[in-house]
Ligand code: RNT
Ligand code: ZN
């Protein structure tokens, strides 16, 4: 088996060499590109607060009831370790939501979360050699039930959430300090309305004031970095989303922080790839939530789609990879959750590899010479180069299952681990 993979790889390498592509160099590069893997695929965005929060409101919805959901931090960690054993490459990160803290079985209000609730995660991260990112959690909570949080007209509601986000930033700084690597703090809020509002401006002004207040406290970039995630619409916020892409992009540029582009948060005909070269000249760094929008949903399991490939092609061609943080964001409880996680993570790496294996210089030269037939013809030929052989070799050298072999691993894990869970 090993020999066959190596033989096919060697043949494939020759094909790429003809176009001046050094597959070894590409794989060395791919090896180190971090993915920030989201924790919430493991338990349908449930978290570990007491009483156990159920995902509600906020325009996001997890549908499905497959067996084996992680019920405890230990189970979620065990699942993540399984995921990591099936995804090739190094430097992976783990993206937490604040609701996944270790609250010791007690009820802790969100404006009382503190670094002590994340010490366990920090220790675990050290043991597993992963870095951590964090998200504030402004949904699935009674104080978010009327659809507004940081942009609420109620001062008391705003103050509660401002305090929550301030605490999450403090926790992020602590994580970054302890792990010696900046923790990205992402902020997404559900604020919006189902039907046509008349005071869009009022809510946006309040959101701006809340953000100014929150970001008034400065942390060194070496411990934490802020990012703001916009959205077009959600379930129950079809007519209006306060934190739209334009709002946060403007805010981020004015305040020199990051935005998070969730690939499921745009109109289905809009190209997210096209946004890279439009945004990168103005922002220092960018965070991605790689997702798959499908009709009204933004969170289907990521697959190797044309959209995903175009996104990575644009990142590579814009030479922006070093300034872009790749995070995943999807949740599907209707199939084996660990399998879903691995499909999405492997698809992301595959699409990235596909984009890295391209003769950009030749394509650019064609373009600059006005040889547009040649440009299109070469782009078409690239699609049938033996890319799969390079991917298999990458998995082999990383000691993760090659090809469809990992499916069996998930089946075994389901029988031996997931079925035992309540
Ligand atoms: C929601 C946003 C957000 C969430 C996570 C759970 O539409 O994409 O990033 O998916 O915070
Ligand atoms: Zn997202």
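If you filter the stretch 183-208 down to residues that are free of Cβ contacts under 8 Å to residues at least 40 places away in the same chain and in a loop (DSSP other than H, G, I, E, B), you find that the one that is farthest from residue 99 (Cα to Cα) is 198. Look at residue 332 and say whether it is modelled with pLDDT of 95 or more, under 28 Å from residue 41 (Cα atoms) and touching a helix residue (DSSP H, G or I) at 6+ places or on another chain (Cβ under 8 Å). Spelling it out, residue 332 is indeed modelled with pLDDT of 95 or more, under 28 Å from residue 41 (Cα atoms) and touching a helix residue (DSSP H, G or I) at 6+ places or on another chain (Cβ under 8 Å).
One residue is enough: does the stretch 235-243 have a residue meeting the conditions at pLDDT 95 or above, surrounded by fewer than 14 Cβ atoms within 10 Å (Cβ to Cβ) and more than 22 Å from residue 153 (Cβ to Cβ)? The answer is no, given that none of the residues of the stretch 235-243 is at pLDDT 95 or above, surrounded by fewer than 14 Cβ atoms within 10 Å (Cβ to Cβ) and more than 22 Å from residue 153 (Cβ to Cβ).
A single entry from 132, 61, 96, 67 fulfils the requirement of being closer than 22 Å to residue 299 by Cα, surrounded by fewer than 19 Cβ atoms within 10 Å (Cβ to Cβ), within 16 Å of ligand 1 (Cβ to nearest atom) and in contact (Cβ under 8 Å) with a residue 12 or more places away in the chain: 61. Residue 211 falls short on exactly one of the conditions (1) touching a strand residue (DSSP E or B) at 6+ places or on another chain (Cβ under 8 Å); (2) within 16 Å of ligand 2 (Cβ to nearest atom); (3) assigned to a helix (DSSP H, G or I), and that condition is (2).
Here the condition is being buried (at least 17 other Cβ atoms within 10 Å of the Cβ) and within 24 Å of residue 114 (Cβ to Cβ); of 172, 193, 151, it holds for 172 alone. The single residue among 89, 105 that is in contact with a strand residue (DSSP E or B) (Cβ under 9 Å, 6 or more places away or on another chain), part of a loop (DSSP other than H, G, I, E, B) and away from ligand 1 (no atom under 16 Å from the Cβ) turns out to be 89. Would you be able to say whether some residue in the stretch 255-264 is part of a helix (DSSP H, G or I), farther than 26 Å from residue 206 by Cα and more than 16 Å from ligand 1 (Cβ to nearest atom)? Scanning the stretch 255-264, I find no residue that is part of a helix (DSSP H, G or I), farther than 26 Å from residue 206 by Cα and more than 16 Å from ligand 1 (Cβ to nearest atom), so the answer is no.
Take the conditions (1) within 21 Å of the chain's Cα centre (by Cα); (2) over 13 Å from residue 208 (Cβ atoms); (3) part of a loop (DSSP other than H, G, I, E, B); residue 243 misses just one of them, which is (2).
Given the criteria surrounded by fewer than 23 Cβ atoms within 10 Å (Cβ to Cβ) and closer than 14 Å to residue 324 by Cα, does residue 268 qualify?
On the way: surrounded by fewer than 23 Cβ atoms within 10 Å (Cβ to Cβ): yes; closer than 14 Å to residue 324 by Cα: no.
Considered against the rule, which asks whether it is surrounded by fewer than 23 Cβ atoms within 10 Å (Cβ to Cβ) and closer than 14 Å to residue 324 by Cα, residue 268 comes out as no.
For the stretch 305-339, the set of residues classified as under 18 Å from residue 69 (Cα atoms), surrounded by 18 or more Cβ atoms within 10 Å (Cβ to Cβ) and away from ligand 1 (no atom under 14 Å from the Cβ) consists of 336, 337, 338, 339, listed by residue number.
The values are calculated or read from the model by the stated rules, or taken from the named source; none is laboratory data. Quick caveat: nothing in here was measured; it's all calculated off a predicted structure. Methodologically, a virtual Cβ is constructed for each residue, glycine included, from the backbone with ideal geometry; neighbour enumeration extends over all protein chains shown.
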